[in-house]
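Computed from the coordinates by the stated procedures, all read-outs in this text should not be read as laboratory data. Please read all numbers here as calculations on a predicted model, not as lab measurements. A quick note on method: Cβ atoms are made from the backbone with ideal geometry, for glycine too, and the neighbour counts reach across all protein chains shown.
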Amino acid sequence: MSDLRRAATPGAVGDAGDRRAGILVDSGARSGADRFVPSAAPLAIAIDGPGMFVLRDHDRTVYSRLGDFKLDETGRLVDELGRAVMGFESRLGAGAAPVGVNPRDFSAQRFATYRIDERGLLVGVEHRTEHRSPKKHEVLVPIAQLAIAIFPAPERLEREGDSSFLATRAAGTPALDVAGVGGRGSIRQHVLASGSIDIEGDLRRLWMLRRKEEIDTALASASDACVRTALGLVR
């Protein structure tokens, strides 16, 4: 049941085969390590290859392989938990910051819809009418570039919930850039990264729990027998 639950949870992280303290699953750092599940959400994406999305959770920065993104009521790009997606409004920017649609454009409904392409570029789609014809055509307007993080030792990240990570000193300083650059994976649209299932670990823990239950039952039975014996001797 544990395996089935985790398999149905997109982006869930299992334990690594390396059982040393502080070692997590690689989190998809090897190309092709992830499988994908379809999503009808227009801004749902997944990284096909190395890298993690960068999210801002109040005053904390967290990292995740789960790209369940949407625009909130103000036009900010957020995940399902409301955490801001970090990126670059310009490749020349000093650092990553929360990204989203210009509030005036968003309130005026300038764009008919939005997309995130294979390089992680958030674009607004305008429907324009040609002057000499009633035919409409799409115009893609760049809005922001999503940041993709690479850690020197991603297996040393600290798990935060089922699908998120916190940076640690052992994991190293993350390098931020765009998808498809510096060994980072490309973006796949309308899919989510499926859960990384640790079947071996779950079965082992289940076996240990059953053994503990058997031992507890045996000890209780032995204790009860000792009490009965003692009462018999007293009589």
- Would you give the gap between the C-alpha center of region 95-132 and the C-alpha center of region 170-191, rounded to a whole Å? 22
- Item | Sequence ranges 46-53, 161-168, 123-130, ranked by mean other-Cβ count within 10 angstrom, highest first | 46-53, 161-168, 123-130
- So how much slack lies between Glu160 and Arg110, counting 0.36 nm per residue of separation and subtracting their Cα-Cα distance, in nm? 14.3 nm
- Under a plain spin-label model, where a point goes 7 Å from the Cα along Cα-to-Cβ, how far apart in nm are Cys226 and Glu73? 6.4
- Item | For region 13-194, alpha-carbon Rg and Dmax in angstrom | 17.4, 69
- Note on the structure: The answer for Arg35, listing residues at least 5 apart or on another chain whose modeled amide H is closer than 5 Å to its amide H, is Ser194
